[in-house]
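The values are calculated or read from the model by the stated rules, or taken from the named source; none is laboratory data. Since we're looking at a predicted model, the values are computed, not measured. Ideal geometry is used to build each Cβ from the backbone, glycine not excepted, and the neighbour counts take in all protein chains shown.
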Amino acid sequence: MKTALSFIITLCMTIPPVLFAQTTQPAARRAATPGEQWDQRFDRAMYLYGKEPVAFLKEKAGLLKKGKTLCLAAGEGRNAVYLAQQGFDVTALDASKKGLEKCTALAKQRGVTVKTIVADLSDYDMGKEQYDLITDFYYHDQKMFPKIMAALKPGGMFIMQNFSIDQPKTNRFGPKNPAYLVKPNEVLSHFSGYRILHYEDTVVNLDEGMHQGAGAVVRLIVVKEGVE
């Protein structure tokens with residue numbers, strides 16, 4: 001018995017302290033994905049940004065090309081459902097399953113149908129010449145722009161409204177990371193070869209659930225038409 005105990009004590013003394021610590025520490029927790037983070041935010045009865053569409057979309061809906069439509073970063077679906085009500089054939093895409101469940105519920109409430117896709121925008125393949133209209137509200141990623149234009153049919157349209165670099169000093173809500181904010185004239189460089197119907201870098205009054213008050217935004221409508 002004493003021999004066995006002495007062996008165990010000797011073995012423990014020969015294990016390097018770092019290795020011993022590694023074998024006794026619990027495994028590190030996996031970081032939540034963006035979709036999981038948004039699931040947590042959307043997992044409540046209220047619609048965080050309301051049920052009504054972005055005012056800019058509502059103002060310009062009559063100008064947009066009807067047909068097959070892809071709503072990027074659709075969230076709880078307020079813009080997707082509105083477009084479906086206007087006769088667009090809408091697919092809502094978002095990383096949050098919970099958000100899209102609320103989108104489906106809102107569509108049913110409004111008597112329309114919206115197809116949904118749960119996917120991470122960073123690696124989602126939109127295809128080539130698939131859509132008549134693509135929308136992007138409050139999700140800024142410059143790397144998406146070439147994919148968006150490739151996914152539009154000839155004559156298709158892209159509409160967006162995202163927070164500008166002035167938002168942090170304009171109000172409390174919205175991204176704080178400059179990478180997610182639009183810099184002056186930044187988006188124009190990505191669409192210089194296409195017809196730009198509308199461009200605005202401005203401050204507007206927002207009434208969108210958690211977006212209340214002044215918002216510094218960049219608004220854009222571009223058509224997939226070449227220009228001389």
Residue match in the stretch 93-114 (condition: more than 13 Å from the chain's Cα centre (by Cα) and closer than 21 Å to R219 by Cα): no
Count - residues of the stretch 169-201 that are of a type in the set (V, I, T), over 18 Å from L63 (Cβ atoms) and in a strand (DSSP E or B): 1
Positions within the stretch 202-222 being at pLDDT 95 or above and either among the hydroxyl-bearing types (S, T, Y) or not in a strand (DSSP E or B) (or both), in sequence order: T202
Residue within the stretch 127-142 that is at pLDDT 95 or above, within 21 Å of P53 (Cα to Cα), of a type in the set (S, T, N, Q) and loosely packed, with under 14 Cβ neighbours inside 10 Å present: no
Leading residue by the ranking (nearest to Y138 (Cα to Cα)) among those in the stretch 26-79 that are outside any helix (DSSP H, G or I) and among the basic types (K, R): K51
Test set (1) at pLDDT below 95; (2) under 13 Å from the mean Cα position of the chain (by Cα); (3) small (G, A, S) - A32 fails condition number: (2)
Top-ranked residue of the stretch 50-81 - restricted to ones that are within 23 Å of S122 (Cα to Cα) and of a type outside the set (A, V, I, L, M, F, W, C), ranked as surrounded by the most Cβ atoms within 10 Å (Cβ to Cβ): N79
Selection status of T116, crowded, with 18+ Cβ neighbours inside 10 Å, polar (S, T, N, Q) and under 20 Å from R41 (Cα atoms): yes
Contacts under 8 angstrom Cβ, first residue in the stretch 19-46 being among the basic types (K, R), partner at pLDDT below 75 and surrounded by 11 or more Cβ atoms within 10 Å (Cβ to Cβ), 6 or more apart: none
Only listed residue being modelled with pLDDT under 95 and either under 18 Å from R219 (Cβ atoms) or surrounded by 15 or more Cβ atoms within 10 Å (Cβ to Cβ) (or both), chosen from S192, S164: S192
Residue satisfying all of: in the stretch 175-216; in contact (Cβ under 8 Å) with a residue 60 or more places away in the chain and closer than 19 Å to F145 by Cα; nearest to the chain's Cα centre (by Cα) among these: H198
Options K66, K58, K51; residue that is within 23 Å of Q130 (Cα to Cα), modelled with pLDDT of 60 or more, of a type in the set (D, E, K, R) and under 40 Å from the mean Cα position of the chain (by Cα): K66
